[in-house]
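No lab work stands behind these numbers, since they all come straight from the coordinates. None of the values given here were measured: they were computed from a predicted structure. Quick reminder, even Gly has a Cβ in these numbers, built from the backbone with ideal geometry, and neighbours come from all protein chains shown.
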Amino acid sequence: MTTPPLFTTNLSRIFHHAPRMIAIVAIASGLGTTGVAQDGPASSRLVIHADQGEIAISRNLYGQFAEHLGRCIYGGIWVGEDSPIPNTRGIRNDVVAALKNINVPVLRWPGGCFADEYHWQDGIGPRADRPTQFNSHWGGVVENNHFGTHEFMDLCEQIGAEPYIAINVGSGTVREMMEWIEYLTSDQDTPMANLRRQNGREKPWKVRYFGIGNESWGCGGSMRPEYYADIYRRYQEFAKNHGGNRIFKVACGANDWDFRWTEVVMENVGNRMNGLSLHYYTIPTGSWGDKGSATEFGEDLWHGTLRRALQMDTLITRHSEIMDKKDPRKRIGLLVDEWGVWHNVEPGTNPGFLYQQNTLRDALVAAVSLNIFNQHCDRVRMANIAQTINVLQAMALTDGSKMILTPTYHVFEMFTPHHDATLLPSDLDCGTYAFGNEQIPQINASASRDSQGVIHVTVCNLHPNEPVNLSCDLLGTKVRQVSGRVLTASAMQAHNTFAEPAAVVPREFTDSRLTDAGFAAKLPSKSVVVLELR
Ligand code: AHR
């Protein structure tokens, strides 16, 4: 990973993107600054231009990523048909129900770094006959290939998600890619379509999204952008449309702050791609050595984590500006196809399995990131949190037959009304939340109108100790009713466990009321609130 630019207190530079969202230092009675006594809750003002929405928030911003890593696929999703754990054709029923409930729109697979070692033909046909392979990136375990193309497509069908397949460029071939696409999507009398039929699937699947390589600058081949751009051009030429299937081609994009990668790929690939990816992980300490514990941390790392998560806004802004030079009409989407918080693994677990707990802090990171994606929906067309089950910032954790939902899962559920809704531009005046010499805005929000005309506002209070009074002006519309739900807890470190699975769950939010201008709400400290306005 490259080093991010130093965070400064110049909020207008850092947050200048967010269409019309500005953080203004301390407009109210209290600064909300740690250690400084306040007379009462700080105040913030949100103006929502309900008459100005134009751009749809793609539901694909709420996508997931599942890799052959640790217990994400094996144990987390796939238990096999003979397992005592209730399953449908080998896929866990509890996990399917949980993922259906958050309307997962798109699922990226098989990696990650694993994708560039994956040879898809090892994962088809009778499972007993499938060859094994060494998973060199993740724990050095032996992969039995029991979860392959048919199992993945079955999972997508069971949860109602579109598949997004990462093609092996690092150790694969153009021919392998061509044959995989033909196997998946051809309805003709071709060798690969016939092989698929022989393996039990008569009809082709629809598969729109194909990523040409993963992290080709790193685990996907340590390529320079000039070299990758040429490789991409070659691969994409052979990514063929079969029948009515239309491929959306995704080029490997930058590692967080590597703007040169975006420059070079935009220059040399241009219209040969439909999307360009971006990977950004929030590392609480900022160091890949000791990233910090998922559950044992103080306010320094609460603040530091949220500050780093907010940098997603700067990153998207700057990559988009580069893309704008070649693509001012925003034909090419930016796909943040890996993001999330990366902590130290849970003590005693395999360091290669990336298993981590998930607290209220992670929920705030999820909410802030999703609000940022919403605000950038003119350019950001997809995002995939890493990773669905048991790995990194997961939706659910499993232990044998048991499953718990994480605070992050609840944020994804609370944000479902934004899927395919119209973004409503908003202006936000709020105070700052400072810790030491660092400051971030205390509030983070986005708003949308759904196809029924209902407005939803998702708003986070990032301060761990201070509530905030929010007044909201709704321009161009009148509402008759406000209701909401809130996700919060008494401690920053609160999380769900197998013994206490409902420690952090959304509850009814009663601290809001209509006003002449719109509505007002008192947001508890460290909270995520979704408000519904009818
Ligand atoms: O999500 C874990 C890993 O992070 C992925 O395999 C890789 O693409 C990234 O570096």
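Quick notes
- Footprinting exposure proxy for SER471, SER483, SER186 (fewest neighbouring C-beta atoms within 10 Å first): SER483, SER471, SER186
- Rounded tilt (10° steps) of 299-326 against the dominant C-alpha axis of the chain: 60
- Summarising the label geometry, the points placed 7 Å from Cα in the beta-carbon direction at ASN93 and GLN481 lie 3.5 nm from one another.
- Under 11 Å, Cβ to Cβ, from GLU338 - net charge with Lys/Arg +1 and Asp/Glu -1: -3
- With at most 15 neighbouring Cβ atoms within 10 Å, loop chymotrypsin sites (Phe, Trp or Tyr not before Pro) (DSSP) excluded, longest segment of the chain: 1-237
- Footprinting exposure proxy ranking of SER426, SER527, SER451, fewest other C-beta atoms within 10 angstrom first, gives SER451, SER527, SER426.
- Percentage relative contact order, segment 124-186, counting C-alpha pairs under 8 Å, at least six apart: 19
- DSSP-defined beta bridges in the chain - what % are antiparallel, rounded to 5: 55
- In segment 191-266, the GluC sites (Glu not before Pro) that fall in loop regions by DSSP, at most 10 other Cβ within 10 Å: GLU202
- For LYS522, the lysines whose Cα falls under 30 Å of its own Cα, not counting residues fewer than eight places away in the same chain, are LYS478.
- Placing unit charges on each Cβ (+1 for Lys and Arg, -1 for Asp and Glu) gives segment 152-282 a dipole about its Cα centre, and among ILE165, SER186, GLY220 the Cα reaching farthest toward its positive end belongs to SER186.
- Angle in degrees between helix 360-375 and the longest Cα principal axis of the chain, rounded to the nearest 10: 80
- Ordered by the number of other Cβ atoms lying within 10 Å of each residue's own Cβ, fewest first, GLU346, GLU296, GLU182 fall into the sequence GLU296, GLU346, GLU182.
- What the Cβ-Cβ distance of ASN268 and LYS240 gives, at R0 = 22 Å and to the nearest 0.05, is a FRET efficiency of 0.50.
- Listed cross-link partners LYS291/LYS326; LYS100/LYS203; LYS402/LYS526 are compared with a 26 Å cut-off, the Cα-Cα value being larger for LYS291/LYS326; LYS402/LYS526.
- Structural descriptor for the chain: relative contact order 21 percent, calculated from alpha carbon pairs under 8 angstrom and at least 6 residues apart.
- Under 20 Å of direct C-alpha separation, and excluding same-chain neighbours fewer than eight residues apart, LYS330 reaches these lysines: LYS249.
- One chain, two ends: ARG513 and LYS326. Fully extended at 0.36 nm per residue, the span grows by 62.7 nm beyond their Cα-Cα distance.
- Relative to the longest principal axis of the Cα atoms of the chain, the long axis of helix 149-159 lies at roughly 30 degrees.
- Spin-label model distance (nm) - PHE134 vs ARG197, 7 Å beyond Cα toward Cβ: 4.0
- Global geometry of segment 339-441, whether rounded, prolate or oblate, following the gyration tensor of its Cα atoms and the 1.5 cut on a/c: oblate
- The simple Förster model, with R0 at 25 Å and r as the Cβ-Cβ distance, assigns THR497 and ASP154 a FRET efficiency of 0.20.
- Report summary: the helix-based calculation at 222 nm, which adds -39500 (n - 2.57) for every DSSP H run with n ≥ 4 and divides by the residues of the chain, gives -7000 deg cm²/dmol.
- Cα gyration tensor shape of segment 113-247, rounded if a/c is under 1.5, else prolate or oblate by comparing a/b with b/c: oblate
- Size of charge dipole - the chain - debye, nearest 20, with Cβ of Lys, Arg +1 and Asp, Glu -1, no other charges: 1020
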